[in-house]
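Since every read-out is calculated from the coordinates, none of them should be taken as a lab result. Quick caveat, the model's predicted, so the values are computed rather than measured. Please note: Cβ atoms are built from the backbone with ideal geometry, for glycine as well, and neighbour counts cover all protein chains shown.
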Amino acid sequence: MEYRQTEGIVLICTPFQERHVIATLFTADLGLARFFVGGGHSQLSALSRVECLYRDRGGSTLLQLKEWTLLDPYLILREELGTLERASFLGQKLLQSQLPLKPAPALYNLLLLYLAYAPLAINSATFTTSFLIKLLKHDGLLALPERCMECEAPLQAAALIRGEAFCQAHAPSWSPLFSQDEMRDLRTLAGARSMREVLDVRMEDSFRLKVERLFGELTESIY
Ligand SMILES: [Zn+2]
């Protein structure tokens, strides 16, 4: 089988037997991909950007990595704990939400953008929450309609359930309600085209928690 090339960000490396490693990368054209890395090539480190030469292993979702070249060690991500935490968060959420070998080139570009801004994003909550919103939107799990599904009243505060939205009167009691301001921030962050626009949004911790809960519910129910 012939070798192909891609590039990606290393998310996790798990030792396998004595000399080998199973590396999970988020790649430019395969999405989330797992590679068998034979001994001698095992010095991959998490959160580095690499170019890979790989091939299929006959129907297995585990690919064979022949060789790799370091494109960027992203040392800047390791200079400060907050930066490392923000960068690691991105990887964890991709691992939780993406199916293996489902190409997502737009998400790869989004990841590169967020990694570039991880050292600069002093407001961690805005940084991480906006990434979750972008992920949900990318995967078609976040619709932000203007009207209640039940009564068609224009939405002010709303409950968001599986891509549908309900006004306060029709929201189930168990579902957190996004206030009118929070709905505005959701729309701003989902539609933002630059990091400047994203990082200008100031948010309360309660908003971050609601978005994390929404992300948890939607990714668990779908995958
Ligand atoms: Zn309603």
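Side notes on the structure shown:
- Over the chain, DSSP H runs of length four or greater, each weighted -39,500 (n - 2.57), average out per residue to a 222 nm ellipticity of -11500 deg cm²/dmol.
- In order along the stretch 193-205, the Karplus-derived 3J(HN,Hα) couplings, from 6.51 cos²θ - 1.76 cosθ + 1.60 at θ = phi - 60°, round to 10, 9, 5, 4, 4, 5, 6, 6, 7, 9, 9, 7, 5 Hz, and Gly and Pro are given as x.
- Amide proton proximity set for ALA143, modelled H, under 5 Å, gap of 5+: GLY163
- Among the chymotrypsin sites (Phe, Trp or Tyr not before Pro) within the stretch 130-203, those in coil by DSSP and having at most 14 neighbouring Cβ atoms inside 10 Å are TRP174.
- Calculated diffusion of the stretch 121-222, Stokes-Einstein form, Kirkwood radius summed over Cα pairs, 4 °C and 1.567 mPa s, µm²/s: 94
- Convex hull per residue volume in Å³, alpha carbons only, for the stretch 96-172: 125
- Projecting the alpha carbon convex hull of the chain along each direction and taking the average yields 13.6 nm².
- Simple spin-label estimate for LYS102 and ARG4 in nanometres, 7 Å along Cα-Cβ: 1.8
- Under DSSP loop assignment and at most 15 Cβ neighbours within 10 Å, longest GluC sites (Glu not before Pro)-free interval of the chain: 81-145
- Shown here are the Rg and Dmax of the Cα trace of the stretch 4-75, at 10.9, 36 Å.
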